[in-house]
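Visitor: I have a structure here, written as structure tokens, and I will follow up with some questions on it.
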Amino acid sequence: MEIQERAVYTTDETAQILKISTVTVERKIRRGEIPATKIGRKYRLLGNDILGLFDWKNKERKKEEIVFGSYNIGVADNMSRKEMYSDR
């Protein structure tokens, strides 16, 4: 299925595109993870916003802080296990 940038999609259509359930799509919309507009009782999504979910080149890679037990490792960005535990 080709996604048209200017087309408007329902949550069912978006779920088929993303290969997840409709409930998951609606949950992600409510959390703000997927941009959508509520029209009446239903959500509508723009094709451009769906395509934006897969725009890896323009998104900054999120760095996650890792905490193991009481040890705060810090920001893990392509660190090997040896580098993570080097201060111990």
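Visitor: Using 7 Å Cα-to-Cβ label points, what is the Glu33/Ile20 separation (nm, one decimal)?
Guide: 0.4
Visitor: At q = 0.13, 0.17 Å⁻¹, what is the base-10 log of I(q)/I(0) for the range 8-52 according to the Debye formula with one equal point scatterer per Cα and no solvent? Please give it to two decimals.
Guide: -0.21, -0.37
Bear in mind that the values in this text are calculations on the coordinates, not laboratory data. Everything numeric in this text was worked out from a predicted model, so none of it was measured. No Cβ is skipped: glycine too gets one built from the backbone with ideal geometry, and neighbour counts run over all protein chains shown.
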